[in-house]
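Some notes on the structure that comes next.
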Amino acid sequence: MNSLSLAGWEAAPAKVNLYLHVTGRRADGYHLLDSLVAFAGAGDRLRLEPAGALTLTLEGTEGAALAAEPDNLVLRAARLLAEAAGIAPTGLLRLEKNLPVASGIGGGSADAAAALRLLDRAWGLNTAPQTLAELAARLGADVPVCLENRARRMQGVGEILSAAPAMPECGIVLANPRLPLPTPAVFRARQGDFTPPAALPDGWADAGAMARSLAACRNDLEAAAIGLCPPVAEVLAALAALPGCLLARMSGSGATCFALFPDAESAKSAAAMLPEAWWRWGGGFTNPPWPAYSALAGGA
């Protein structure tokens, strides 16, 4: 039964790759990865309202960047879920887009995952978790981890998820020079050998210990991203120079970079020191339920 119910806002938080090792490449050309993924308090939001045919409305500070897309991932996720359930997709989806597009923090993937969670609940489907995970994998490599919406170790081509080390309280700053950086181009530009999977502990006592441990890892796409988009290096340098910064690194395929801080308040204060022309955000990591986020001028 396709019974539409009001389900409120569903969070689509920013995905952050705390490290990203390219460990190999499959015969079909897809790269194999090893990454520790966590979620920040910044993000998009998705809401479903009663309507006949399935439609999507774009809102938020970054919504205009998606206006030209002929087939948003949110709509693809909705149609895929409806097809799997044998129902007709209905409802007006409102996407509040706050994360920059093509920025390495999984905005589109997080939106698709939010659509799967929201519509499964609103349509009363009660889809088995394994089935939802399989649908997520068909939508993109980052969608399965975004579906779970909690810190996870991600391997394979994104489909192998396992427990993350216990993470301490810490803060994070996200910054993007407002330049899109398509993931396929970055992978094509990557050079060099493959990197073994990281050796991670069961957890860290504090933010400093976590930053020191992660400093032994890397983002194997960083050099390629800087070659395609030199301002990424400027963002990394600015983050590293912020008072209290414990670690600065690029997330995913860029161009968004992050910096770790001892706590959320110091991260929020540090983010305000970055250029207003950039998209920037400071706060803490999050696990469900997702807390409300606060905006910075020039940020999400």
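The values are calculated or read from the model by the stated rules, or taken from the named source; none is laboratory data. Note that the structure is a prediction, hence the values are computed from the model and not measured. Here the Cβ positions follow ideal geometry from the backbone for every residue, glycine too, while neighbour counts run over all protein chains shown. Note: areas computed on protein heavy atoms with side chains; ligands, DNA, RNA excluded. Shrake-Rupley method; radii C 1.70, N 1.55, O 1.52, S 1.80 Å.
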Flag if GLY227 is assigned to a loop (DSSP other than H, G, I, E, B) and farther than 24 Å from TRP281 by Cβ
no
Of all residues in the stretch 230-244, count the ones that are open to solvent by 40 Å² or more (accessible area, probe 1.4 Å) and either in a loop (DSSP other than H, G, I, E, B) or touching a residue at least 24 places away in the same chain (Cβ under 8 Å) (or both).
5
Report, by residue number, each residue of the stretch 247-265 that is buried (at least 20 other Cβ atoms within 10 Å of the Cβ), of a type outside the set (Gly, Ala, Ser) and assigned to a loop (DSSP other than H, G, I, E, B).
THR256
Do you know which residues across the stretch 117-158 are closer than 10 Å to VAL37 by Cβ, part of a loop (DSSP other than H, G, I, E, B), touching a helix residue (DSSP H, G or I) at 6+ places or on another chain (Cβ under 7 Å) and open to solvent by less than 30 Å² (accessible area, probe 1.4 Å)?
GLY158
Does GLN130 count as over 16 Å from ALA14 (Cα atoms), touching a Ser or Thr at 6+ places or on another chain (Cβ under 8 Å) and of a type in the set (S, T, N, Q)?
no
Condition (residue is surrounded by fewer than 14 Cβ atoms within 10 Å (Cβ to Cβ) and assigned to a helix (DSSP H, G or I)) applied to the stretch 201-215: is it met by at least one residue?
yes
